[in-house]
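Participant: The structure under discussion is supplied below as structure tokens; questions concerning it will follow.
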Amino acid sequence: MGQLAVMNFVSLDGVTQSVLSADEDRDGGFDQGGWVLPYVDDVVERFMSGATAGAGALLLGRRTYEIFAATWPYADPDDPAVAAMNAMPKYVASRTLKELPWENSVLLGPDLADEVGRIKAASASETLVLGSGDLLGRLIRHDLVDEFRLLVFPLVLGGGKRLFAEDRTPRRLALTATERTPSGVLINTYRRAEE
């Protein structure tokens, strides 16, 4: 059975909103977009590329899919992470999208838990969730996440959408790996704790 892993950027106070650009997600008046960029160093880039290239499929929410579909198909095809992302299956959770222009993209049905359960059961590899905050909340509520890879950035934003909202179900996790980058980012990997 395949695993579902989440890789996400998070501030010290748990914010995951609008990480790469000012216009990515302004919901709630959030105006701090692009906050990860000053901290991206070679170690962060290597970790992201390796994790992406090593995945068997992606699972994305609508907004993240639209951002990625507008850039990744046109990126350098000689980059292993780009080639992997363009070639792998991309499962998209959306109630509004009708067409998926990025190659190898599949629109999931309305029963997310059932669809993701089928993907995990049919796969021997890892399905990776990137960004996709609203989708991630639903995956956590349904207890579908096997591993969290959190890149924790050394700043406090004071507001914005958070990785773990108050309505999330509590669960125990075990830290299985950690790495500190030259810019002060902590890359922490957590798996389900043995109960």
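Participant: Of all residues in segment 31-61, which are buried (at least 17 other Cβ atoms within 10 Å of the Cβ) and among the basic types (Lys, Arg)?
Facilitator: None - no residue of segment 31-61 is buried (at least 17 other Cβ atoms within 10 Å of the Cβ) and among the basic types (Lys, Arg), so the list stays empty.
Participant: Let me ask another. Just one of the numbered conditions (1) surrounded by fewer than 18 Cβ atoms within 10 Å (Cβ to Cβ); (2) basic (Lys, Arg); (3) at pLDDT below 95; (4) farther than 21 Å from Gly117 by Cβ is not true of Arg162; which one?
Facilitator: For Arg162, the failing item is (1).
Participant: If you check every pair at least six apart or on different chains, which have Cβ atoms under 7 Å apart with a residue in segment 82-108 that is in contact (Cβ under 8 Å) with a residue 40 or more places away in the chain and small (Gly, Ala, Ser) first and a residue that is part of a loop (DSSP other than H, G, I, E, B) and surrounded by 15 or more Cβ atoms within 10 Å (Cβ to Cβ) second?
Facilitator: Ala93/Leu108
Participant: While we're on this one: Out of Glu99, Glu103, Glu126, which single residue is within 18 Å of the chain's Cα centre (by Cα) and acidic (Asp, Glu)?
Facilitator: Going through Glu99, Glu103, Glu126 in turn, the sole match is Glu126.
Participant: Any residue that is at pLDDT 90 or above, assigned to a loop (DSSP other than H, G, I, E, B), surrounded by 15 or more Cβ atoms within 10 Å (Cβ to Cβ) and among the hydrophobic types (A, V, I, L, M, F, W, C) - is there at least one of those in segment 135-152?
Facilitator: yes
Participant: When you go through Ala124, Ala113, Ala165, Ala174 one by one, which is the residue that is within 22 Å of Met1 (Cα to Cα) and part of a loop (DSSP other than H, G, I, E, B)?
Facilitator: Ala124
Participant: Shifting gears a bit: Just to be sure I understand, how many residues within segment 73-102 are surrounded by fewer than 16 Cβ atoms within 10 Å (Cβ to Cβ) and assigned to a helix (DSSP H, G or I)?
Facilitator: 5
The values are calculated or read from the model by the stated rules, or taken from the named source; none is laboratory data. Computed from a prediction, not measured in an experiment: that's the story for all the values here. We place every Cβ from the backbone using ideal geometry, glycine too, and count neighbours over all the protein chains shown.
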